[in-house]
Every structure is written in C-alpha cells, then in structure tokens.
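For reference, the structure is listed below as structure tokens.
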Amino acid sequence: MTNLLIRGGRVIDPANAIDGALDIEIVHGRISRVGRDLQAGDGFEVVDASGCIVTPGWIDAHVHLRDPGLTYKEDLQSGADAAAAGGFTRMCCMPNTNPPLDTAERVADIVTRGSVTGIHIHPIGTISVARAGLEIAPLREMAAAGAVGFSDDGDSTKSEAVMREALCLSAELNLPIMVHCEDPEMIQGGSMHRGDVSAELGDPGIPAEAEESYIERDLRLAEETGGWLHVLHVSTERGIKLVEAARARGVRCTAEVMPHHLLLTDEWVAGRKRFAGEQEAVGSGPSPDSSAKVNPPLRPESDALGLLKAVQRGAFDFVATDHAPHAERDKPAELRGAAFGMSGLELALPSMARLIERGDLDWPQVVELFTSAPARTLGLPGGTLAVGESADVTVIDPTKEWVVSADTLRTRSANTPLLGLTMRGRAVLTICEGEVRHDERA
C-alpha cells in the first residue's frame, strides 16, 4: 500500500467545515494528517492537486448493478469501475436483480462479492418477497446480513398492509423504507411524461399524478406508523412539496433527487437537447430518443427548475444517480419497446458542475450532497476526511473537458442521452481505502 501526500488542492470537507488550500497525508490506507505545507516522508508518492478540488470519496446511494442475473448490462466489478471513474468510492445497490435481493443469503452474497471490487458496495434488500408487493420480505434477517435499507424500486409496493408492516419494522431496525412511487393503474402503457411532448410523439404518457398519489399514500402510512420513509428519485415540484409538508407535521421522511431530473426535460425524449434553465440547445438527436426514457420520467422544465429550487433551499437530503445501465439491445429506437433507465455514475459530477458554472449551486453544496449528506442520512461510513478515517478521497478537475462516449465511459452500458456532448468536470483521481482506483491525471 502506497503512502500518499495530496498537495496543493482546494480541500472541501463539509463534515468538518473545511474549505481551503490544504494538503492531505494518507498512511496505511487512512487519513493521517490534514494541514498546510505538509512535507512528504520517505517513500511517499506526492500527488499534485493544483487547480483541483479534493473531497471525501463521493457516495451514490441509489444505483442498479444488475448483479445477479442481468450481468450483460452491468455487474459488481464493472459498476465499481464506473463508480471510481465517476469519483464514487461508496454506493448502495438496488435489489431489482434476477433473482431479487429478498433473502439474507442474497444480501450477504453482495456484501461478500462487493468487498473485493475496490469500492464499498452496500446492498438494499427488497420490501416484499420477489418484489411482488404482496408479502413482506425477511427484513430483520436481511438487515443482519448487511442491508442498509429496503426497496421494491422499479415498482411501488402494492399492498398497504405490507407497507404498513415494513414501516413499523423500519422504526425497530432504524433503516429506511425506500419507495418508488407510481400508481400502476395510471401508467396506461406510457413511456414518458404525459404532456405536450408525449402528445406530439403519440405516446400515452405517464401523468405526474401517478407519482404524486403514491407519495401521498406512503407519507400517510409513515405518519400513521411512525416509520422512516425515504422517497426515491422525486421528479416533480409538487412531489417534494408533499414531502416538505409531511416533515412539517413531524413525519420521518427523507428524499433524494437525481441530476437528470434537475437538468433534463421531456423535450430530450423528442431529441431536443437543451438543458433546463438554459436558452441555447446543445445538440439534437433522434425523435423519439429512447436513451432519454427513464422512470420516473423526465418532466417539463417547470418541474426541473422547481426541483433545483428545492435543492437550493435544502429540501432534499442528498442527490443520487439512479444509475440504470441497459445494453443496446434493451434500448431500441421504438420508445414503447425500450427499457426505462439511463447510465449515471460517470455523469453526475459533470452534470452538477454545470449547475455550479451557471451559478445555481456551489462546490461546497454539491460536495455535501454527495458525501456527508448521504452518509449522515443513511448512517453509512465515509463522507469525511477526518484524521483516522478510511482514506476515501476524490480529486476533481472542474475545468477538464471530455466527450461522453462509449470509449470514455467505464460502465458496461453507455445508455445516456448525453452521448456525443462535451462535458466539463471530471474525477481525475479516486482513492478508496488508500488505494488508487481511478487515475486520469494528465
């Protein structure tokens, strides 16, 4: 294990209220010193971080690694490689695999196999058996095996009785019930947000009410039980306002938002590539563009800007990616036949950097949303550069320009509507437990 001295960068560590020009010393895989003008000892590798931002290793609390059963899309190792390339040293993987993570044995398998990928991987167990929404899964046993939360993500849990029981157990286990909110009766075969663009493309569309009605349902059940509800990938302005109102009533509720719901709109499904809040288009694509098909769907610009305002006022507990890799065969041009989801692990950092360059957010805010905030919210290790802690460190070049392509992405499935675009901001060095896991320094 190499001892490192990271010198000359802007160190941002929100957990310890640090933002300044400092050096970081790493010895035997742990942070040993943080200070100014540190001198390297014998045998140290010196990393010149001039012009870069040095942060705790980023945490993605919502990814799909497709392992077991769908590893042609992604597996634990390819997902870990993509995470490292995106600046992430820790991630939580969703249980909609084949078979789903609905037993202690399957959860333990992810813990065991994830431990040798070079990145920290935390499994999330299902809420219900087989994710069918009708019978509660063995939450206590899965928690003992290493599950950090429970979700039927990809679907809402159908049975209110199951949700009620799960929320009661969440209070006992102090682990979140992480809900995908969508009324299946209101989808009607839609592939995108129901509105003017879906009408233009001849798609039935998915109304915002499908998401919001189930947010209301699950908030009601959380209020009745006193359980911990975590609302996944909120995509509408009204959705986060429902969460805020519930919190004001004393409901234990946390929530996350995704970069693509802050920056992309339903216009991207029609091939019109203009970031929300910007006047100039950045390109055009096929119409429809199945790479922009995601669930919950990209919403109109008013929702994207409303969600951004919610981030600015601190309404979201953290930001995550919902990294959802799909092979090319799963994303045919025909919209209805395409799978929902887009790749996100390597695109979160430049997406958030775009919001920073526009002046909508700043680096300390973004670093907190991806480091100390998810660690604090979900009780995860990491998210800090405190002396004595594991040396999970991300070094970011905020000015590095790169073209999004299958060649520049490490994920097994490069399904994103950002393909071909020049993005700005990149993790140039990712260190996990003192080991360099990604190195893109010039």
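Exactly one residue among S78, S50 is under 30 Å from D23 (Cβ atoms) and of a type in the set (S, T, Y), and that residue is S50. Take the conditions (1) over 26 Å from L380 (Cα atoms); (2) crowded, with 23+ Cβ neighbours inside 10 Å; R336 misses just one of them, which is (2). If you check E440, E401 for being more than 18 Å from the chain's Cα centre (by Cα), of a type in the set (D, E) and over 24 Å from G271 (Cα atoms), only one passes: E440.
Could you look through the stretch 142-196, keep only residues that are of a type outside the set (A, V, I, L, M, F, W, C) and in a helix (DSSP H, G or I), and pick out the one that is nearest to H122 (Cα to Cα)?
Initial filter on the stretch 142-196 (of a type outside the set (A, V, I, L, M, F, W, C)): 146, 149, 151-160, 164-165, 170, 172, 174, 176, 180, 182-185, 188-191, 193-196.
Add one more test, that the residue is in a helix (DSSP H, G or I), and what stays is 160, 164-165, 170, 172, 184-185, 196.
Values: E160: 27, R164: 25, E165: 23, S170: 17, E172: 20, P184: 29, E185: 32, D196: 40 Å.
Restricting to residues being of a type outside the set (A, V, I, L, M, F, W, C) and in a helix (DSSP H, G or I), the top hit is S170.
For the residues T112, T97, T55, the requirement of being closer than 23 Å to T411 by Cβ and either touching a Cys at 6+ places or on another chain (Cβ under 7 Å) or touching a residue at least 40 places away in the same chain (Cβ under 8 Å) (or both) singles out T55. Residues in the stretch 223-238 that are outside any strand (DSSP E or B) and of a type outside the set (F, W, Y): E223, E224, T225, G226, G227, L232, H233, V234, S235, T236, E237, R238.
Looking at the stretch 396-416, can you tell me whether even one residue there is crowded, with 24+ Cβ neighbours inside 10 Å, β-branched (V, I, T), closer than 18 Å to D48 by Cβ and in contact (Cβ under 8 Å) with a residue 24 or more places away in the chain? Yes, that holds for at least one residue. Identify, please: which residue in the stretch 303-330 is among the charged types (D, E, K, R) and surrounded by fewer than 20 Cβ atoms within 10 Å (Cβ to Cβ) and is, among those, nearest to T265 (Cα to Cα)? So the residue we want is K309.
Please determine whether any residue of the stretch 62-75 is basic (K, R), closer than 26 Å to A143 by Cα and in contact (Cβ under 8 Å) with a residue 40 or more places away in the chain.
yes
Annotation for the stretch 51-65: at least one member residue is assigned to a loop (DSSP other than H, G, I, E, B) and more than 20 Å from the chain's Cα centre (by Cα). Which of the residues that make up the stretch 239-295 are in contact (Cβ under 8 Å) with a residue 60 or more places away in the chain, among the aliphatic types (A, V, I, L, M) and not in a helix (DSSP H, G or I)? Matches in the stretch 239-295: A255, V257, M258, L264, V282. Annotation: N295 fulfils all but one of (1) more than 18 Å from E182 (Cβ to Cβ); (2) out of contact with any strand residue (DSSP E or B) (no Cβ under 6 Å at 6 or more places or on another chain); the unmet one is (1). On inspection, G133 passes the criterion of being in a loop (DSSP other than H, G, I, E, B), surrounded by fewer than 23 Cβ atoms within 10 Å (Cβ to Cβ), of a type outside the set (S, T, Y) and modelled with pLDDT of 95 or more.
For E237, are the conditions met, namely being touching a Phe, Trp or Tyr at 6+ places or on another chain (Cβ under 6 Å) and under 25 Å from E278 (Cβ atoms)? Answer is no for this residue. Taken as a whole, the structure places M163 among residues that are crowded, with 22+ Cβ neighbours inside 10 Å and more than 23 Å from the chain's Cα centre (by Cα). In summary, strands (runs of 3 or more DSSP E) completely within the stretch 349-442 and bearing 1 or more residues that are touching a Phe, Trp or Tyr at 6+ places or on another chain (Cβ under 7 Å) occur at 393-403, 422-432.
Counting only residues that are over 17 Å from P364 (Cβ atoms), outside any loop (DSSP other than H, G, I, E, B) and in contact (Cβ under 8 Å) with a residue 40 or more places away in the chain, how many does the stretch 28-50 have? The qualifying residues number 8. Just for the stretch 66-80: of the residues that are surrounded by 22 or more Cβ atoms within 10 Å (Cβ to Cβ) and of a type outside the set (A, V, I, L, M, F, W, C), which one is nearest to the chain's Cα centre (by Cα)? Among those residues, the one meeting the criterion is G79.
The values are calculated or read from the model by the stated rules, or taken from the named source; none is laboratory data. In this text, all values refer to a predicted model and were calculated from it rather than measured experimentally. Positions of Cβ are backbone-derived with ideal geometry, glycine not excepted, and every protein chain shown enters the neighbour counts.
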